[in-house]
Every structure is written in structure tokens, then in C-alpha cells.
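The values are calculated or read from the model by the stated rules, or taken from the named source; none is laboratory data. Since we're looking at a predicted model, the values are computed, not measured. All Cβ positions, even for glycine, are placed from backbone atoms using ideal geometry, and neighbour counts span all protein chains on display.
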């Protein structure tokens with residue numbers, strides 16, 4: 001069975017226009033896989049609808065969480081916070097047979113051999129500091145002064161960890177151990193860019209603090225990445241670092257994709273190949 005490994009992120013289906021786009025998504029061939037690299041929605045009910053819809057159509061769906069899935073907001077009947085919220089989303093995905101960062105990494109069989117598709121959840125630790133800042137507190141003071149502050153500060157809770165960066169560091173250590181055991185080339189999938197360089201084009205550079213961690217800066221070379229897939233920045237493009245292809249695959253908010261000449265992003269081909 002032939003097919004293609006596709007990827008998209010930042011579906012944000014709370015917007016009716018974006019929900020319509022997800023409703024219309026279809027594979028090109030029966031063997032197509034789809035990576036969904038986070039920010040599907042803010043509520044577990046919407047995440048379940050979107051991933052369930054896609055899992056019914058694609059041969060395999062692979063999910064990595066974004067920050068929006070981890071938000072705990074007043075209108076949401078699910079009041080779980082932090083790690084318990086993430087574990088709840090993992091259970092939803094498993095019921096849908098959607099692969100998560102807690103499951104065995106699916107192996108894509110293509111013409112160049114097997115590749116492990118590794119969805120990651122490592123969060124961020126404020127190490128992408130703005131120019132002139134040497135600590136998290138200095139960076140946050142600067143960000144608050146500019147008025148550019150991620151909503152995570154108010155609705156993404158790290159429970160039971162003492163801070164978001166502590167949660168990030170625990171996830172980095174856990175994920176490094178798993179990746180070291182693969183023994184295959186990889187496609188690394190993370191909502192946040194694993195290297196800082198893509199954040200250089202942000203209109204508000206201080207927002208980079210909520211975009212990743214320096215602790216993953218060499219993962220694309222250490223873990224034999226054939227490609228790296230990420231979202232979060234809402235700036236879809238292809239870049240190369242150390243000879244490795246990085247794909248930012250965001251759909252983004254309607255006000256953003258309406259400004260693009262090509263219109264809303266469609267799933268982007270990551271690897272051609274064959275599924276078994």
C-alpha cells in the first residue's frame with residue numbers, strides 16, 4: 001500500500017472556519033499518515049472530535065501536544081490541570097488509536113528504509129531569552145513591559161511540578177532516554193521548534209521565551225533526524241539546520257491564513273514511502 005507521511009499543526013478548531021477546514025481534510029491515498037503537531041483545540045471534547053475525524057480517514061494519525069491543549073479555562077467542563085490534563089488527552093488518543101508521545105514510536109517504511117516517527121512533548125523553559133536578559137525573571141519583566149505575554153502564564157498549569165520549566169526538564173530527560181533507544185533514522189515531531197533559530201523572524205522576539213528550550217538544540221543531529229516537524233509560530237515554511245530539513249506546518253488563526261497568497265495551509269508532505 002503506497003502513501004505519504006503528511007503533517008499539519010495549529011488547527012485551532014475553536015474557530016468555525018478552521019473546523020470547516022478539518023472537516024474537509026482527506027488523504028490523497030489509502031496509505032497516507034497524518035502528523036498533527038499540537039494546538040488542535042483548547043478543550044478535550046474538541047481535540048477528540050478533530051483527531052477522531054482524522055483517524056477515521058488516515059491510515060495513521062500521530063499527535064504531539066501543543067500549549068493550547070494544556071490550557072485549563074473557566075468555560076471547559078474538564079478542570080484537570082498540568083500532567084493530569086495531559087494524561088487525560090493521551091487516554092483520549094489511545095481510545096482513538098492515535099499515537100502519542102507516550103506510545104511506541106510508529107515506524108514509516110519508505111524507499112530509503114524504515115524511519116521512526118517520534119512525537120515529542122518537551123514544553124519550554126524560558127531559555128530562549130530576549131536580548132539583554134540573562135535570567136527568566138529579567139526576560140519576563142521585559143515581556144510584561146512590552147505587553148507581549150503568552151496566555152500560558154495564566155492558564156497552563158504545571159501541576160504537580162513547581163514550574164513550567166521544571167516540567168519541561170523532566171520531559172526532556174524522559175524523552176532523551178526514549179530517543180536514544182530507537183536505533184533508526186527519525187522524524188522528530190514537536191509543537192515547539194527544537195532549535196531557537198526559527199524564532200528569529202518573530203515580530204515580537206520576546207515571545208520566543210514560550211517557544212522551546214536550548215536543551216533540545218542538538219536533537220536533530222543526535223537522533224538522526226530525516227526531518228523535523230513543528231508548529232506554534234504560525235509561520236509555515238521550510239528551513240534547514242545542520243543539513244536537516246525543518247518544516248513549520250501551522251494552519252494558524254483565520255486572520256493569519258487569510259493574508260497568505262496560498263490561503264490556508266494544507267497538510268505538507270514530509271516523506272514519500274510505503275506503509276505496512
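Taking the range 95-145 on its own, how many of its residues are touching a residue at least 40 places away in the same chain (Cβ under 8 Å), part of a helix (DSSP H, G or I) and within 30 Å of residue 204 (Cα to Cα)?
Here the count works out to 5.
What do you reckon, is residue 37 touching a residue at least 24 places away in the same chain (Cβ under 8 Å), closer than 28 Å to residue 179 by Cβ and surrounded by 17 or more Cβ atoms within 10 Å (Cβ to Cβ)?
yes
Filter the range 154-186 for residues that are outside any helix (DSSP H, G or I), in contact (Cβ under 8 Å) with a residue 40 or more places away in the chain and either more than 17 Å from the chain's Cα centre (by Cα) or within 30 Å of residue 112 (Cβ to Cβ) (or both) and give the result.
157, 158, 159, 160, 161, 182, 184, 185, 186
Out of the strands (runs of 3 or more DSSP E) lying entirely within the range 187-276, which hold 2 or more residues that are touching a strand residue (DSSP E or B) at 6+ places or on another chain (Cβ under 8 Å) and without any contact (Cβ under 8 Å) to a residue 40 or more places away in the chain?
Strands (runs of 3 or more DSSP E) meeting the threshold: 237-241, 244-248.
Working carefully through the options 165, 153, 181, find the one that is within 21 Å of residue 230 (Cβ to Cβ) and either modelled with pLDDT of 95 or more or surrounded by fewer than 16 Cβ atoms within 10 Å (Cβ to Cβ) (or both).
Values: 153 fails: within 21 Å of residue 230 (Cβ to Cβ); 181 fails: within 21 Å of residue 230 (Cβ to Cβ).
Exactly one residue qualifies, and that residue is 165.
Answer yes if at least one residue in the range 12-31 is buried (at least 22 other Cβ atoms within 10 Å of the Cβ), over 20 Å from residue 233 (Cβ atoms) and touching a strand residue (DSSP E or B) at 6+ places or on another chain (Cβ under 7 Å), and no otherwise.
no
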